[in-house]
There are 2 protein chains.
Amino acid sequence: MTGTAKIGVFGTGSVGRTVGAKLAELGHAVVIGTRDPAATLARTDSDHFGNPPFKVWLEAHPKVHLKTFAEAAAEAELLVNATVGHGAIPALEAAGAANLAGKVLLDISNPLDFSKGFPPFLSVCNTDSLGEQIQRAFPELRVVKTLNTVTAAVMVNPKLVAGGDHTIFVSGNDAGAKKTATEVLQSFGWTDIVDLGDITTARGTEMYLPLWVRLMSATKTPMFSIKVVR
Amino acid sequence: MTGTAKIGVFGTGSVGRTVGAKLAELGHAVVIGTRDPAATLARTDSDHFGNPPFKVWLEAHPKVHLKTFAEAAAEAELLVNATVGHGAIPALEAAGAANLAGKVLLDISNPLDFSKGFPPFLSVCNTDSLGEQIQRAFPELRVVKTLNTVTAAVMVNPKLVAGGDHTIFVSGNDAGAKKTATEVLQSFGWTDIVDLGDITTARGTEMYLPLWVRLMSATKTPMFSIKVVR
């Protein structure tokens, strides 16, 4: 990926907003996808994380547009899945396989289940992963699991932690897709990018989340990361 | 723990040998525990990792003694579980609850299952962990999960990687036991020791293993670790 691209970002939460805003700031044409744009814009309450209503955020980011999952996917050259974990497959189904075929999807979500409170558990793990589920459900999508090991603010600005001296991972079956992902990561400021291998290695980064949530408790901040030292 | 102690190390594989040798080198009285010492000493083949027969190793480490799990536990002030994951509970049962009560156990094992080949999966994870299973099975044992995020050589000599500038974790319900664990870790050279919380946080470090095994493949060496940067 050279220059700017048409990018569809699935998810209107803090991750979708943070990544969408950064991609727009970098000059890309960003469309955020949601199930029902009118319903998303009609919300007037902050979400349970304290984020303002989407309409307020969107007014502050006039270059970003809000459309349906299908519209966002149809127009996009590159896709980002920033839904909550259990929302990923339904969002992609709503987008439609024909709108996804051949495109690169950066899956930055985690299959966290908070239904039993904190700490969350994983809704899939050990012998499978959300990244693999997405790849199996949409064989023509070129899925790259990445960025799911850090909080949204650090995803798009790794220099916020230790001057950027830490590690991010990519997992995926398609070398070209991982090259595109790497270019996006580099545009965010990432310098230590480890290719873990095929999409089954998404188990590794998704299963790191239980350590991540405990580290967040221990360090009393989500503003941390890990550096692989060798 | 100040000065030297009587330490029982469960497990005759490379982890038990490496940790046992280091503890003996530090002046502790080390007894390695095994199910059947005569059978362990009778083996003449290298194991499937290429380690020489235990008898050969023991002759090179004359300060270390080999006894049954029960004898090793009865004499010890501090215990280390360095069995393979599925061997932990059987070894502790063989040691006997009465020989364990009130003692600190450093559980440095991982519940890795290689029965389906590489990569291994975890035999317990997500809503439970081996550390918790051990603590539940032996309520009077003071279990601290630690060191399970690095290969044996790095456990006892963190300076082998990046001059020691990386992180190790402790999980456990007993503050005094974690203090003892921390002193042992410091005697090995660890400086960045993160207390993750109670024994349920062992899920975090055990579930890091799927990432560890993929990092080992990607970096082509087990001589690495992670540094938590904040």
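The values are calculated or read from the model by the stated rules, or taken from the named source; none is laboratory data. In this text the structure is predicted, and so the values were computed from the model without any measurement. Heads up, the Cβs are rebuilt from the backbone with ideal geometry, glycines too, and the neighbour counts pull from every protein chain shown. Calculation scope for accessible area: heavy atoms of the full protein, side chains included, ligands and nucleic acids excluded. Shrake-Rupley method; radii C 1.70, N 1.55, O 1.52, S 1.80 Å.
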Return a yes/no flag: does segment B:194-211 have any residue that is at the interface with chain A (Cβ under 7 Å from one of its Cβ atoms), open to solvent by less than 30 Å² (accessible area, probe 1.4 Å) and aromatic (F, W, Y).
yes
Taking A:A153, is it among the hydrophobic types (A, V, I, L, M, F, W, C), open to solvent by 30 Å² or more (accessible area, probe 1.4 Å) and within 11 Å of chain B (Cβ to nearest Cβ)?
no
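For segment A:6-28, what are the residues that are in contact with a Ser or Thr (Cβ under 6 Å, 6 or more places away or on another chain) and either of a type in the set (V, I, T) or under 15 Å from A:K55 (Cα atoms) (or both)?
A:G11, A:T12
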If A:W190 passes every condition in (1) within 14 Å of chain B (Cβ to nearest Cβ); (2) in a loop (DSSP other than H, G, I, E, B); (3) open to solvent by 10 Å² or more (accessible area, probe 1.4 Å) but one, which one does it miss?
(3)
How many residues are within 21 Å of A:M207 (Cβ to Cβ) and either out of contact with any Lys or Arg (no Cβ under 9 Å at 6 or more places or on another chain) or more than 7 Å from chain A (Cβ to nearest Cβ) (or both) when one looks only at segment B:216-230?
4
Output yes when any residue across segment B:174-185 is more than 27 Å from B:P90 (Cβ to Cβ), more than 7 Å from chain A (Cβ to nearest Cβ) and of a type in the set (D, E), and no when none is.
yes
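For every residue, the table says whether it meets (1) closer than 26 Å to A:E140 by Cα; (2) in contact with a Phe, Trp or Tyr (Cβ under 8 Å, 6 or more places away or on another chain).
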{"position": "A:G189", "(1), (2)": "no, no"}
{"position": "A:V194", "(1), (2)": "yes, yes"}
{"position": "A:G204", "(1), (2)": "yes, yes"}
{"position": "A:Y208", "(1), (2)": "no, yes"}
{"position": "A:T219", "(1), (2)": "no, no"}
{"position": "A:K227", "(1), (2)": "no, no"}
{"position": "A:R230", "(1), (2)": "no, yes"}
Which one is nearest to the chain's Cα centre (by Cα), of the residues in segment A:104-119 that are crowded, with 18+ Cβ neighbours inside 10 Å and part of a loop (DSSP other than H, G, I, E, B)?
A:I108
It is to be established whether one or more residues within segment A:22-36 are open to solvent by 20 Å² or more (accessible area, probe 1.4 Å), in a helix (DSSP H, G or I) and touching a residue at least 12 places away in the same chain (Cβ under 8 Å).
yes
Select from segment A:12-21 the residues that are open to solvent by less than 10 Å² (accessible area, probe 1.4 Å) and small (G, A, S) and write down the one among them that is nearest to A:T34 (Cα to Cα).
A:G16
Considering segment A:156-186 alone, what residues qualify as being within 19 Å of A:K22 (Cβ to Cβ), part of a helix (DSSP H, G or I) and open to solvent by less than 50 Å² (accessible area, probe 1.4 Å)?
A:V156, A:P158, A:G164, A:T180, A:A181, A:T182, A:E183, A:V184, A:L185
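Search segment A:123-150 for residues being assigned to a strand (DSSP E or B) and within 14 Å of another protein chain (Cβ to nearest Cβ), and hand back the single one that is surrounded by the fewest Cβ atoms within 10 Å (Cβ to Cβ).
Here the residue is A:T146.
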